[in-house]
Each structure stands twice: as C-alpha cells, then as structure tokens.
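The block underneath contains the structure these notes are about, expressed in structure tokens.
Nothing in this text is a laboratory measurement; each read-out follows from the coordinates by a stated rule. Computed from a predicted model, the values in this text were never measured in an experiment. Cβ atoms come from the backbone with ideal geometry, glycine included; neighbour counts cover every protein chain shown.
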Amino acid sequence: MENHHAVLGVGRGADRNEIREAFRRRALECHPDVGGGGGDGSEFMAARRAYEALVNPAMGGEDEAAGLHAEMRRAGKWCADPSTFGTADFGESTFEKYGGSVRVAGRLRAGRLRFGGRITVYGDVSSPPWGGPHGTVLRGDGGVDIRGNAINGAKVRGRDVFAVDVFGLRRVERDKVRVGVSWDASLHARITADGGNAVLRNCTGPARIRGDIVDVWDVRDGCVLEGRRVVVRGSTVTHDCVIRVSESLSFETDQMLGLSDNCTVSWAGGEVKLGRLKTYRTGRLPGLGGTSGTMVGGGFVMTVQMLQHAAARRGWNPFARG
C-alpha cells in the first residue's frame, strides 16, 4: 500500500494547503509534459493518487453513499416528528433532539436533512467527492452551527450559518489533467444565511458564501462572497475571488501584502479591482478631504458610493498624496 504522505514528501500532520503545495511541486518535477524529465508518467500518477487520497478520502462507493442518503431521510423524519425526543443513531452520527434544536455528534457525508429549528453539528459536513444524487444538503431554518468544516459540494443553509473552514473541490477528470491548466469540473461548497450572518474562518474555493453579513478570515481559490455587508479579517484574498456587496465592504487587517490586486469587488451596476482600492486615497472621497489613508485596511468601511467613486475616476495617480 502506497504511503501517500511519503509520495508527496509531507508529514502526517500536514494540512490541506501544505498537501496542495507539495502536489504542485511534485507535479512540476515529474509530469511527463514538463521539461522532458517526467518519464512515463507513473510518478505523476502516484503523486495525483496521493493528493486525491489525502484531501478527499474516498467514501467507499455509490452503495455507501446511497445508504447514508437513506439514513438522512430517516433522520429527517425523526427530527420532524413532534412526538420524538432524546437521542437516536443515523448513519455515522448520533442525533439528540431537545426543544427546538437538534445536535449531531459525528459527520454528515451524504444525504439531505432539514429541520425547522437550529442544527448544531459536532463534526464535518461533506458530500461524496464525485458529486451526483447523494450530495449533502443541510438546512436548519433556525440556523446552522458547524463545529467542523464544510467540504466538497456540501450545501448548508440557515437563518445564520457558522462554520470553521469551507473547502470546495475541483474534481479531477482522469487523463485530462495538465500542469498549468485548471481542472475540469467543480463541486462548489455553498453556504447561505437567509437574511442573517455567515461567519467562517477560512474559505477555500470553489465556494459561494451568501448572507446579509458575510464575515470571513482568509479567502482563496475561486471563492465568491455575496452580502449586504462583507467583512474580511485575514490577510489573504487571492486573485480569482469575487466579493459582491450591496452596502459596504471592509478589510480589518493592516497587512495588505496577501490581498491580491486582481480580486474583483462588484455591486449592482459596477465593479472595480481591489488593486485600485488599495491605492486610492480616502482624501479623494467626497466629505473625507482631511484624511490621508487608503480605502483598504484598518477596518475602513467602504460604502457602495465610495466604490463607485473610486471606479469612476480616470487618469488618477495611485502614488499621489492626499
């Protein structure tokens, strides 16, 4: 049996980002299409198998996914029945129902569950890595609190949604991967807070996060954030991310080196690249003539009117003072 960590040259405690970077380095070293040093491709295939196994552990197959999907139907009926209370086991999790809330101890990997109150999951919520009819949809009309991660194509919806990390998945189509070219298909993780807060730590796409207020730390790899107000607290936003607001946007960090200039900030009727906002002086904005900072960082709240003003200016000098 292959030692996947050894194939990629990472320790057993490596996180998802370390594994990804190790795979990219290994792919550039051994891919048969690169530089003539890749041999027959067997080393690259071993690296790809190791990557897929470490970031997307196999569920065991369609039969297992179908079984878990059926268990979630049973769980949903149990949760919706007003005569049930206490605890019950479904799939790989233990459900505890009390009052208007349900607690789930374990992980949810396939199936649909909806409850009229609040759902708290003490584990990860994921979908089968191949997608299909057994994908996971979790809905708590009273809110959803995930004490673990939302992974692959899992769809989570509630009045408010809280989660640790969100990871989308770019699915590899066999024999079609080329270094430097995007993978073929995506399983988007989706987090939707119906009129409430979507609060996350890190978001690694492909993923779409929606809420009245979207509050995240770092944002990477094809994430789309949509909200009336969006707050980014970390120091990383990659170039392929999109932030859509209807009222305001703010970056809490003062360390702007990880905020890509090419991230797109948009609103109804317009858009602007983050690079312009990072160098656009607040003193140029109407009513803020006495200030000298830039629009990005330090918690400065950029309203849609300010974004429009910055996007509309032409011939501006980003290095001018005042």
Task: Calculated from backbone phi, Karplus (6.51, -1.76, 1.60) coupling profile of region 109-116 in Hz, x at Gly/Pro - done: 10, 6, x, 10, 9, 10, 9, x
TODO: Tell me the label-point distance for the pair Met45, Glu21, using the 7 Å Cα-to-Cβ offset, in nm and rounded to one decimal.
DONE: 3.0
- [ ] Would you mind classifying region 94-312 by shape? Square roots of the alpha carbon gyration tensor eigenvalues, ordered a ≥ b ≥ c; an a/c under 1.5 is rounded, otherwise it is prolate if a/b is larger than b/c and oblate if not.
- [x] oblate
Open item on the list: Give me the dipole magnitude in Debye, nearest 20, for region 94-312 about the Cα centre, with unit charges on the beta carbon: positive for Lys and Arg, negative for Asp and Glu.
Closed with: 460
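What does the extension gain come out to for Glu29 and Gln308, with contour length at 0.36 nm per residue minus their alpha carbon separation?
Gain on extension, Glu29 to Gln308, equals 95.9 nm.
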